[in-house]
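Novice: Sharing a structure here in structure tokens format.
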Amino acid sequence: MKNAIDIQNLQKSYPNGNQALKDINLSVKKGEIFALLGPNGAGKSTLINIICGITKKNKGKINVFGLDIVKSYKEARSLIGMVPQEIATDSFEKVINTLKFSRGLFNRPSSGEYLESILKSLALYEKKDHQIRTLSGGMKRRVMIAKALSHEPRVLFLDEPTAGVDVHLRKELWKNLADLKKNGVTIFLTTHYIEEAEKIADRIGIINKGKLIVMDTKKELIEKLGKKTLIITLNSPLKVISRDFNDYNFELKGNKLKFFFDYGENKKSISKLLNDLIKKKIDFKNIEIEKTNLEEIFLNILEK
Ligand SMILES: Nc1ncnc2c1ncn2[C@@H]1O[C@H](COP(=O)(O)OP(=O)(O)OP(=O)(O)O)[C@@H](O)[C@H]1O
Ligand SMILES: [Mg+2]
């Protein structure tokens, strides 16, 4: 069994007729960090909530480590940790007690040592005997993560874990997730921050209006959908250039000559282009390469 999560032909309509998920097929490999990107209302939370057994699906099949989430609900659920998008925050409970309680719910033998190690890794150890309501928003969010990890799940779902979290804390959290991955935990997160997906995810899915429109490794996404622009600054402005360049996709404005390449084709073509420029005695003083980043790719896909 290679996959932590297998989803086949998943469909969800809410009772009010809202079709939130349309025939989703998706697999997450064991031990990888998977990021699901999509605009507001795309269906991200619905998908996570269904896998975690909070919302019911209409059609389709979902396995978590080979266990059907409906037929083997309890067993499957015990392998899952979940940090919801909305966090319940006003608890009078102490941090450590909430973790103990949560671990107990999954019938795990008590382990002060394990819970303390989680608190330490999330920089919450000092706060372990404080009531949750007295913590800051960012700390509460980390308590939710600690709670989700309290029963030692094999896959952790985080629904927009860094929304409203400051830059420093966000980076800390990325480190925490990388450490969890090192310990073999599979991670499934949703995010609006493309930078977040770009930084930490092994594979990225893009969902829009209930449809999974792209699913690839980061590298392949950029290679398949990315573009490169070679910007050449000429020594003196030109009005026209030789017809020999008609095979290229270019734009000439004064002393700026821009050539547009698809990601895959550019290696050979760029050296050919430079040769052609030299052959035609077009003098230039600078060359820059601009690559599309994930953000531009994402926006392009959504516009289609
Ligand atoms: N309980 C519900 N009843 C009816 N419709 C719902 C319910 N929950 C979500 N929806 C609808 O389902 C669609 C997907 O919502 P969902 O919360 O899954 O989106 P999301 O991708 O998580 O968005 P966001 O980025 O804003 O959190 C939306 O059209 C939403 O209005
Ligand atoms: Mg959501």
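The values are calculated or read from the model by the stated rules, or taken from the named source; none is laboratory data. In this text, all values refer to a predicted model and were calculated from it rather than measured experimentally. In this analysis, Cβ positions are derived from the backbone assuming ideal geometry, glycine residues included, and neighbour counts consider all displayed protein chains.
Novice: Taking the stretch 189-215 as the region of interest, how many residues are under 12 Å from residue 294 (Cα atoms) and either assigned to a helix (DSSP H, G or I) or without any contact (Cβ under 8 Å) to a residue 24 or more places away in the chain (or both)?
Specialist: Qualifying residue count for the region: 6.
Novice: Report every pair of residues separated by at least 6 positions or lying on different chains whose Cβ atoms are under 7 Å apart, first residue within the stretch 138-158 and in the same structural domain as residue 118 (by TED's automatic domain parsing), second crowded, with 20+ Cβ neighbours inside 10 Å and basic (Lys, Arg).
Specialist: Close Cβ pairs (under 7 Å, with a partner that is crowded, with 20+ Cβ neighbours inside 10 Å and basic (Lys, Arg)) amount to 139/127; 150/103; 151/103.
Novice: Identify, by number, the condition in (1) touching a residue at least 60 places away in the same chain (Cβ under 8 Å); (2) surrounded by fewer than 16 Cβ atoms within 10 Å (Cβ to Cβ) that residue 228 doesn't meet.
Specialist: Status for residue 228: all satisfied but (2).
Novice: If a residue must be over 21 Å from residue 118 (Cα atoms) and crowded, with 16+ Cβ neighbours inside 10 Å, how many such residues does the stretch 154-191 contain?
Specialist: Residues meeting the conditions: 2.
Novice: If I go through the stretch 106-145 residue by residue, how many of them are over 21 Å from residue 178 (Cβ atoms) and among the hydroxyl-bearing types (Ser, Thr, Tyr)?
Specialist: 4
Novice: Let me ask something else. Quick check: is even one residue across the stretch 85-94 among the aromatic types (Phe, Trp, Tyr), at pLDDT below 95, surrounded by fewer than 22 Cβ atoms within 10 Å (Cβ to Cβ) and under 25 Å from residue 152 (Cα atoms)? Spell out how you get there, then give the answer.
Specialist: First, the residues of the stretch 85-94 that are among the aromatic types (Phe, Trp, Tyr): 92.
Checking which are at pLDDT below 95 leaves us with 92.
The next check asks that each one be surrounded by fewer than 22 Cβ atoms within 10 Å (Cβ to Cβ); those that pass are 92.
Now narrow it down to the ones that are under 25 Å from residue 152 (Cα atoms): 92.
Within the stretch 85-94 (the criterion being among the aromatic types (Phe, Trp, Tyr), at pLDDT below 95, surrounded by fewer than 22 Cβ atoms within 10 Å (Cβ to Cβ) and under 25 Å from residue 152 (Cα atoms)), the answer is yes, since at least one residue qualifies.
Novice: Out of the residues in the stretch 1-38 that are within 14 Å of ligand 2 (Cβ to nearest atom) and surrounded by 15 or more Cβ atoms within 10 Å (Cβ to Cβ), state the one that is nearest to the chain's Cα centre (by Cα).
Specialist: Once the filter is applied, the top-ranked residue is 35.
Novice: Pairs only if they're at least six apart or on different chains, beta carbon under 7 angstrom, first in the stretch 242-259 and assigned by TED's automatic domain parsing to the domain that holds residue 273, second assigned to a loop (DSSP other than H, G, I, E, B) and not charged (D, E, K, R); list them, first residue then second.
Specialist: 252/238; 252/241; 254/237; 255/236; 255/237; 259/248; 259/249
Novice: Working only within the stretch 25-50, note down all residues that are under 15 Å from residue 13 (Cα atoms), at pLDDT 95 or above and hydrophobic (A, V, I, L, M, F, W, C).
Specialist: Passing the criteria: 47, 48, 50.
Novice: While we're on this one: Cβ contacts < 9 Å: first residue assigned by TED's automatic domain parsing to the domain that holds residue 8, restricted to the stretch 38-59; second residue surrounded by fewer than 21 Cβ atoms within 10 Å (Cβ to Cβ) and part of a helix (DSSP H, G or I), any location; separation 6+ or different chain. Result?
Specialist: From the stretch 38-59, the pairs are 38/302; 39/302; 52/77; 53/73; 53/77; 55/45; 55/49.
Novice: What helices (runs of 4 or more DSSP H) lie completely within the stretch 71-180 and have 1 or more residues being in contact with a helix residue (DSSP H, G or I) (Cβ under 8 Å, 6 or more places away or on another chain)?
Specialist: Working: elements: 73-78, 95-105, 112-121, 137-149.
Correct list: 95-105, 112-121, 137-149.
Novice: In the stretch 53-69, what count of residues is obtained for those that are within 25 Å of residue 104 (Cβ to Cβ) and exposed (fewer than 13 other Cβ atoms within 10 Å of the Cβ)?
Specialist: Matching residues across the stretch 53-69 total 1.
Novice: Right, next: Residues to consider are 62, 54; find the one that is part of a strand (DSSP E or B) and within 16 Å of ligand 1 (Cβ to nearest atom).
Specialist: One residue alone meets the criteria, 62.
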